[in-house]
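The block underneath contains the structure these notes are about, expressed in structure tokens.
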Amino acid sequence: MTTKIISKNLNLWYGEKQALKDISLDIPEKKITALIGPSGCGKSTFIRCLNRMNDLVTKIRIEGQVLYDDIDIYGKDVDVVELRKRIGMVFQKPNPFPMSIYDNIAYGPRIHGLKNVDKVVERSLLDAALWGEVCERLDQPALGLSGGQQQRLCIARTLAMKPDVILFDEPCSALDPISTGKIESLMETLKDNYTQVIVTHNMQQAARISDCTAFFLLGELIEVGKTKRIFEMPTIKSTEDYITGRFG
Ligand code: ADP
Ligand code: MG
């Protein structure tokens, strides 16, 4: 298994409050890694460190390293815009731009100077398993789509930037079970080409779709391993308590 991203002794403070404590975690290439743990344990904070989304928050202090293909992403000469193209992010609440379906996908590639975007729009929507549902109405507002369609649109928008890694922060929390199933099968098909990391509070979801699972508690990484092993034979008591629903 090749490692795509390495978090090395990562510590993060919001003001005085330490939210991540010495997190060392390897993210394998072209696998799905699930981050689980109770609310407030630092899952979102951690996943946002992987493409420096946290830079948008004021007053954070970070110590440690995040290596992406052996490059320290917090290094001085890193182009953060380029980094976030390579490592895209999908959020809990679908956030399409208030523009047409077509323009949502075309937006990023156009900004980066691409002239003829038809192909990338079609390819991205096909890959996000949305093309069939929207190809007749590309000029209509994206905000008219259902929640599940909007989330796949956001994934298509990320794919249009030709990323290498996709980070998902609870992408199904606002969706019904059918839309959730569609996102899960989409992630399965994306596995061949992308490294994926997903924060989920849904244990069944982590067990269904991920290859590796990392359990966080109070800003610490408690246990990490193959998903099957974590769910069937956790070695740490608090992991077992959490996955068996004794707290959370
Ligand atoms: P999770 O995603 O696991 O629910 P978070 O990463 O959102 O957890 O939060 C971890 C801790 O950091 C929590 O105690 C939360 O209150 C705190 N926190 C998160 N974001 C901020 C912020 N912008 N400013 C201050 N504290 C924050
Ligand atoms: Mg969160």
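Brief remarks follow.
- Of the residues in segment 94-101, none is modelled with pLDDT under 95, more than 16 Å from ligand 1 (Cβ to nearest atom) and open to solvent by 90 Å² or more (accessible area, probe 1.4 Å).
- Verdict on ILE198 being within 16 Å of ligand 2 (Cβ to nearest atom) and either in contact with a strand residue (DSSP E or B) (Cβ under 8 Å, 6 or more places away or on another chain) or at pLDDT 95 or above (or both): yes
To keep it simple, each residue is scored yes or no on (1) open to solvent by 40 Å² or more (accessible area, probe 1.4 Å); (2) in contact (Cβ under 8 Å) with a residue 24 or more places away in the chain.
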{"residue": "VAL120", "(1), (2)": "no, yes"}
{"residue": "LEU125", "(1), (2)": "no, yes"}
{"residue": "GLY132", "(1), (2)": "yes, no"}
{"residue": "GLN140", "(1), (2)": "yes, yes"}
{"residue": "LEU143", "(1), (2)": "yes, yes"}
{"residue": "GLN150", "(1), (2)": "no, yes"}
{"residue": "ILE155", "(1), (2)": "no, yes"}
{"residue": "LEU159", "(1), (2)": "no, yes"}
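- Among the conditions (1) within 16 Å of ligand 1 (Cβ to nearest atom); (2) more than 25 Å from GLU223 (Cα to Cα); (3) of a type in the set (D, E, K, R), the only one that ASP77 does not satisfy is (1).
To keep it simple, each residue is scored yes or no on (1) modelled with pLDDT of 95 or more; (2) assigned to a loop (DSSP other than H, G, I, E, B); (3) of a type in the set (Gly, Ala, Ser).
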{"residue": "ASN9", "(1), (2), (3)": "yes, no, no"}
{"residue": "ALA19", "(1), (2), (3)": "yes, no, yes"}
{"residue": "ASP22", "(1), (2), (3)": "yes, no, no"}
{"residue": "VAL66", "(1), (2), (3)": "yes, no, no"}
{"residue": "TYR74", "(1), (2), (3)": "yes, yes, no"}
{"residue": "ASP77", "(1), (2), (3)": "no, yes, no"}
{"residue": "GLY88", "(1), (2), (3)": "yes, no, yes"}
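- Inside segment 28-60, residues that are charged (D, E, K, R), in contact (Cβ under 8 Å) with a residue 60 or more places away in the chain and assigned to a helix (DSSP H, G or I) make up a count of 2.
- Within segment 183-204, being in a helix (DSSP H, G or I) and among the hydroxyl-bearing types (Ser, Thr, Tyr) holds for SER185, THR189.
- The C-beta contact set for segment 188-201 (first residue farther than 18 Å from ARG86 by Cβ and charged (D, E, K, R), second residue open to solvent by less than 40 Å² (accessible area, probe 1.4 Å) and at pLDDT 95 or above, distance under 7 angstrom, 6+ apart or interchain) comprises GLU188/ILE209.
- Within segment 34-55, the set of residues being within 8 Å of ligand 1 (Cβ to nearest atom), at positive phi and either of a type in the set (Phe, Trp, Tyr) or surrounded by fewer than 19 Cβ atoms within 10 Å (Cβ to Cβ) (or both) comprises just one member, GLY40.
- The set of residues in segment 58-74 that are touching a Phe, Trp or Tyr at 6+ places or on another chain (Cβ under 8 Å) and either closer than 30 Å to SER146 by Cα or away from ligand 1 (no atom under 16 Å from the Cβ) (or both) contains only GLN65.
- Subset of segment 36-57 [more than 9 Å from ligand 2 (Cβ to nearest atom), within 12 Å of the chain's Cα centre (by Cα) and closer than 18 Å to GLU223 by Cβ]: PHE46
- Test set (1) small (Gly, Ala, Ser); (2) open to solvent by 10 Å² or more (accessible area, probe 1.4 Å); (3) within 19 Å of the chain's Cα centre (by Cα); (4) within 7 Å of ligand 1 (Cβ to nearest atom) - SER24 fails condition number: (4)
- The sole residue among LYS17, LYS8, LYS31 that is open to solvent by 70 Å² or more (accessible area, probe 1.4 Å), more than 9 Å from ligand 1 (Cβ to nearest atom) and either over 20 Å from the mean Cα position of the chain (by Cα) or not β-branched (Val, Ile, Thr) (or both) is LYS8.
The values are calculated or read from the model by the stated rules, or taken from the named source; none is laboratory data. Just so it is clear, the model here is predicted, and its values are computed rather than measured. Positions of Cβ are generated from backbone atoms using ideal geometry, with glycine treated the same way; all protein chains shown enter the neighbour counts. Areas reflect the complete protein model, heavy atoms only, side chains present, ligands, DNA and RNA absent. Shrake-Rupley method; radii C 1.70, N 1.55, O 1.52, S 1.80 Å.
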